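A short worksheet on the structure shown next.
The values are calculated or read from the model by the stated rules, or taken from the named source; none is laboratory data. Predicted, not measured: the structure shown is a model, and the values here were computed from it. Here the Cβ is made from the backbone with ideal geometry for all residues, glycine too, and neighbour counts use every protein chain on show. SASA here: full protein model, heavy atoms, side chains in, ligands and nucleic acids out. Shrake-Rupley method; radii C 1.70, N 1.55, O 1.52, S 1.80 Å.
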Amino acid sequence: MRSLERHRDVAAYALGVLDEAEAFRFEDHLMECASCTAQVTEFGPTARQMMLYRRATPRTVHPFAGPGPRLLDRLLGEVAARRRAARRRLMFALAASVVVALAGPAVAMLAGGDGGDDPVRVTATDEKSGVWAEVTVEDAAWGSQIELKVKDGAGPRPCRLVAIGQDGSEQTVTSWTVPLHDARPNTMHGGAAWHPEEIVRYELRTATGEHLVTLPVD
């Protein structure tokens, strides 16, 4: 099979000007050539536009004349231009994705920053329960980011940290289960909808409401 000539028949096939025998041979070629198959698909919009143009233009040649080399070259040129434009769009999209990926951590740091305020840290030990706790609070755009460290050797028992606001209302910051006979510090993280200056104290309680330790905020 004349492979190079078959490749050039793409435009003529897309315009529908091959005779029946040539079209049949070219379709056999399409079964083996992924490149020509892709080009035939890409030729669709361009071929339709040119056929419409030819119908709207007065004919000065025989109505059964096929497309000449210039017409085929123009079609091939337009497909090549479409491919170059598609590659440029892909490269621009990839470049934009890289910029976003690199800028992401910086944007996240700016969005989640504490506005320049230093973290607030309070520590307390309750003589009755023997529970020690430390709360570190950072201001966030949405409220407070809170880290809790606890030493409690009376586990296992489920507990929770509660923030108390200026009006006496409460918000649960985080909850956890104290391990059995484990006096090592355990660290948990949580958050509150209030900003640090809106919280007057923190309280550790068991799930049943038993008071363990209070951490007042100066």
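The figures follow:
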{"item": "Subset tally (residues that are under 18 Å from TRP142 (Cα atoms) and in a strand (DSSP E or B)) for region 154-199", "result": "14"}
{"item": "VAL137 vs. criteria open to solvent by less than 40 Å² (accessible area, probe 1.4 Å), in contact with a Pro (Cβ under 6 Å, 6 or more places away or on another chain) and either within 15 Å of PRO216 (Cα to Cα) or among the charged types (D, E, K, R) (or both)", "result": "yes"}
{"item": "Filtered residue count, region 119-153, keeping only those that are over 12 Å from VAL213 (Cβ atoms) and outside any strand (DSSP E or B)", "result": "4"}
{"item": "Meets criteria (over 41 Å from the mean Cα position of the chain (by Cα) and at pLDDT below 70) for ARG6", "result": "yes"}
